[in-house]
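Quick notes on the structure that follows.
The values are calculated or read from the model by the stated rules, or taken from the named source; none is laboratory data. For clarity, every value in this text was computed on a predicted model and none was experimentally measured. Note: ideal-geometry Cβ built from the backbone for every residue, glycine included; neighbour counts use all protein chains shown. The accessibility values were calculated without ligands, DNA or RNA, using every heavy atom of the protein model including side chains. Shrake-Rupley method; radii C 1.70, N 1.55, O 1.52, S 1.80 Å.
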Amino acid sequence: MTSRYKPDEINNMDRQAFLAAFGAVFEASPWAAEAAWQSRPFRNTAHVAEALFEAVRSAGPERQLALLQAHPELGARKPLAAFSAREQAGAGLQREQDDQSALLTDLNRRYREKFGFPFILAVKGINPDKIITRFRERLENDPEHEFNECLEQVFRIAAYRLEDLLGSE
């Protein structure tokens, strides 16, 4: 599904090709890739990742909130973007389990009501029981702490996605 891009290939991409390759690294937020595009030429793949992360870090709280709000709820039974679908399926969240599904729906509702954005967790390597535990723990946090925690989780998710696209150096 993904390709491992090399720095020379990335530097030779036009804007549209770059956006097509990296626009989905941050959920429904191609503006981050658009901003990172301005950092060319990239010295290496780590520089590509850093440019993408810096685009989000420097975006300001309104745009960061919009990024958080763009994330799907965990275990939601609706169409997901390709990266999200693969990540949630890998964590066992797309299997039909009525009790678990009802619990996740309730936790998602409570979380969104309290914080104004969905619960975000990098689910790679985490099973559904651990996800539910983290949900319950984080519902106890204050809004500022949870906003920052969600941004950190967004960066972890992006790092996994970039590993698929770029490999590791």
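Filtered by the rule that a residue be in contact with a Ser or Thr (Cβ under 9 Å, 6 or more places away or on another chain) and either open to solvent by 50 Å² or more (accessible area, probe 1.4 Å) or not in a loop (DSSP other than H, G, I, E, B) (or both), region 57-81 gives ARG63, ALA66, LEU67, ARG77. Within the set ASN108, ASN127, the sole residue that is open to solvent by less than 10 Å² (accessible area, probe 1.4 Å) and more than 22 Å from GLY60 (Cβ to Cβ) turns out to be ASN108. Quick check: anything in region 3-20 more than 15 Å from ALA158 (Cβ to Cβ), in a helix (DSSP H, G or I), open to solvent by 40 Å² or more (accessible area, probe 1.4 Å) and among the acidic types (Asp, Glu)? So far as region 3-20 goes, yes, one or more of its residues are more than 15 Å from ALA158 (Cβ to Cβ), in a helix (DSSP H, G or I), open to solvent by 40 Å² or more (accessible area, probe 1.4 Å) and among the acidic types (Asp, Glu). Remark: GLU169 matches the filter, which requires a residue to be of a type in the set (Asp, Glu), over 17 Å from the mean Cα position of the chain (by Cα), assigned to a loop (DSSP other than H, G, I, E, B) and at pLDDT below 95. Tallying residues that are of a type in the set (Asp, Glu), outside any loop (DSSP other than H, G, I, E, B) and farther than 18 Å from LEU139 by Cα within region 82-126 yields 3.
Do we find that GLU96 is of a type outside the set (Gly, Ala, Ser), at pLDDT 95 or above and at negative phi in this structure?
Answer is no for this residue.
Close Cβ contacts (under 7 Å, 6 or more residues apart or on different chains) running from residues in region 17-39 that are under 24 Å from LEU121 (Cα atoms) and of a type outside the set (Gly, Ala, Ser) to residues that are in a loop (DSSP other than H, G, I, E, B) and at pLDDT 95 or above comprise GLU27/ALA70; GLU27/HIS71; PRO30/GLY23.
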